[in-house]
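Visitor: Here it is, the structure in full.
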Amino acid sequence: MPDFFPEEPPELTSEHRWMLADLGVNGDYEPPTVNCPYPAGSPAAEKWWRHEWQVATAWAIVRGELAKVDESSENTPHLPPFPLDALPPVMRNLAVSIAANKCVPPDLAAVLLLSAVALVAGPRLVISRGKDWTEALAEWSLVILESGNRKSPAFRVIEKILLRLERVLADQHTARVAARVGDLEQQISTLTGKGKADSQAEGTTPTEKAENATRLQKDVAEQVKALAAELKQLNDDPGAPPRLLVGGTTTPEALERALSSNGGQIGVIDDEGGAFNAVAGPYNNGTPTGIETILKSRDGSRVAANERIGRAVQAIPRAVLSYGITCQSHPLMKSFGKMQLREIGFFARWFFSVPVPVTTEDIDPPDLDYGAVRLFGDLLEEILTAHPIIDPTALPDEREWPTIELSPAARKLHQELQVSFAERKQDGGDLAFMQDWANKYLGRVLRHAGLLHLAAGYGVNEPVSEQTMRDAIAIGDYAIAHAAEVYRRAPKLARGWNGAEEEAAAIGRLKVENWIRAKGKTHFIARDVYQNTKRQVWCRNSKDVDAVLVELGRDWVLRQVPRTDRAGRSLSGSPWWVPNPDLIFGADEEAA
């Protein structure tokens, strides 16, 4: 862990001297200090702090406490790229074109395109492995890219395709209403036709015929009245057309209402992470408000009617919700600080992607392949029109729902995957630290097989092929690696939450970081932290504080500096802890 500067600096190599010279340091040892000569909070003070941290980092590299970062090094952590060959041509061609035209990683386009298929197919179809193992075709995907990586332009291409489908739904709704209006008018005209009631009256005597005619006329009048009321209702308010999408910042409670009023299905696409914050943020007494419905909607489950203060949501026979989100890492890590979300399986439901950013922007990129855009849009429209949403209450058995089946070879392949994967998520396995996510892996592979099957132009009449299952497993391998990276990045999740002490330490780390950020602390001693956190659950005594500070030091979030006065004279007592400037001021704009 980073510690005090040694009394004598280590021997400097020429590379070290060049590195220090770039920071204005001539190689002579200078004791570290926290005595900023500029007014606190001023731009000059921030610049000074950043420079001091850079110098401290350089000396840490010299002393061997940190490895020098080399982007081209084979030791640089590398996540696998998205397996584009696993996508059907109509998706692969569009993903490649978006990536080239917008200068973004192909992963970004590929993952969002999968969510686009799920958004259309999820409310309409399911996939089954047999023996009551059925998966909804909903998908929750989250692509993590920092600001400045051109997420939004790529995102807009896919968003426009989905908005065009919303217009198709609106046109279909208008046509259905017009057809119903015409049908009602025709029925009313027929019923009120001259002599209609008399011609249908039967009886053996004139009196009996008259009574029957009167009764028929009354029945006709009641039917006409009911039909006229429905006709007026349609003319006055034809109702809103079905929607595919709601806004990215829609809260869980609003999503509940949207699902209830939209036939139990809706989708959310968002390029700024607002959708993730909207779901992970609202709390009521420590419990995410309305999130039960959101969780059930990934699985196509029934949502019971509920009523809260000032809010009422009708029962939803089958709720289906899909997400396609891009965001920076900060909103994601912030939400990971809420332990309840992991306990209820919120993070386990996401398909994470952490693509490698495109560092060079093509000044003359190739044109977007609008033919590929049109073909993908046509594919989604075909799924949408070929499989109208069915009212689940009208089915005698949920097994009657339109279902994609697996071929024997595909089923065998998935069964073999199940056997080989079992040990990886158990204690001692390489995925034990993210067991909650791993528990849903097999279902995710099954869902992806169904989405790839549909994207290849097949439907419920053809089973999923062995090759399609292999492609789904390839995407599953990608998903494992990227989810593991997300879980390792998040301090709370990297420890696996295997016990109370780990949970307490995870909370403590977050609380200390938040305290530093909120107070703008450029330096402090351990006692300062303890005095401000000693009443919190995680902090039983000062040793808990020391443990958190040491851990943050190992991760180079903090560093220690000997305690001195303004004149630079050594003082007795605890050393200063100095936070990385990015923790206080945010990322350096020049560096970004």
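Visitor: Among the numbered criteria (1) farther than 20 Å from Gly264 by Cα; (2) in contact (Cβ under 8 Å) with a residue 12 or more places away in the chain, which single criterion is violated by Lys131?
Guide: Failing condition for Lys131: (2).
Visitor: With the stretch 92-208 as the region, which helices (runs of 4 or more DSSP H) entirely inside it contain at least 2 residues that are modelled with pLDDT under 90 and open to solvent by less than 60 Å² (accessible area, probe 1.4 Å)?
Guide: Numbers: elements: 106-121, 151-191, 196-200.
Counting at least 2 such residues, we get 151-191.
Visitor: Give me a count of the residues in the stretch 576-592 that are open to solvent by 30 Å² or more (accessible area, probe 1.4 Å) and either at pLDDT 75 or above or not in a loop (DSSP other than H, G, I, E, B) (or both).
Guide: Going residue by residue through the stretch 576-592, those that are open to solvent by 30 Å² or more (accessible area, probe 1.4 Å) are 576, 580, 582, 584-585, 587-592.
Checking which are either at pLDDT 75 or above or not in a loop (DSSP other than H, G, I, E, B) (or both) leaves us with 576, 580, 582, 584-585.
Residues that pass the stated criteria total 5.
Visitor: Can you tell me how many residues in the stretch 459-484 are touching a residue at least 12 places away in the same chain (Cβ under 8 Å) and either hydroxyl-bearing (Ser, Thr, Tyr) or open to solvent by 50 Å² or more (accessible area, probe 1.4 Å) (or both)?
Guide: Here is the first cut: in the stretch 459-484, the residues touching a residue at least 12 places away in the same chain (Cβ under 8 Å) are 459-460, 463-466, 468-484.
Cutting the leftovers down to either hydroxyl-bearing (Ser, Thr, Tyr) or open to solvent by 50 Å² or more (accessible area, probe 1.4 Å) (or both) gives us 460, 463, 465-466, 468, 470, 477-478.
Counting residues in the stretch 459-484 that are touching a residue at least 12 places away in the same chain (Cβ under 8 Å) and either hydroxyl-bearing (Ser, Thr, Tyr) or open to solvent by 50 Å² or more (accessible area, probe 1.4 Å) (or both) gives 8.
Visitor: Is it the case that Leu454 is open to solvent by 10 Å² or more (accessible area, probe 1.4 Å), under 25 Å from the mean Cα position of the chain (by Cα) and modelled with pLDDT of 95 or more? Before you say what the answer is, go through the steps one by one.
Guide: On the way: open to solvent by 10 Å² or more (accessible area, probe 1.4 Å): no; under 25 Å from the mean Cα position of the chain (by Cα): yes; modelled with pLDDT of 95 or more: yes.
So Leu454 fails the test.
Visitor: Considering each residue of the stretch 431-466, count those that are farther than 16 Å from Tyr478 by Cβ and in a loop (DSSP other than H, G, I, E, B), and give that number.
Guide: Matching residues across the stretch 431-466 total 10.
The values are calculated or read from the model by the stated rules, or taken from the named source; none is laboratory data. Computed from a prediction, not measured in an experiment: that's the story for all the values here. Cβ coordinates were reconstructed from backbone atoms using ideal geometry, including for glycine residues, and neighbour counts include every protein chain displayed. Surface accessibility is based on the protein's heavy atoms, side chains included, excluding ligands, DNA and RNA. Shrake-Rupley method; radii C 1.70, N 1.55, O 1.52, S 1.80 Å.
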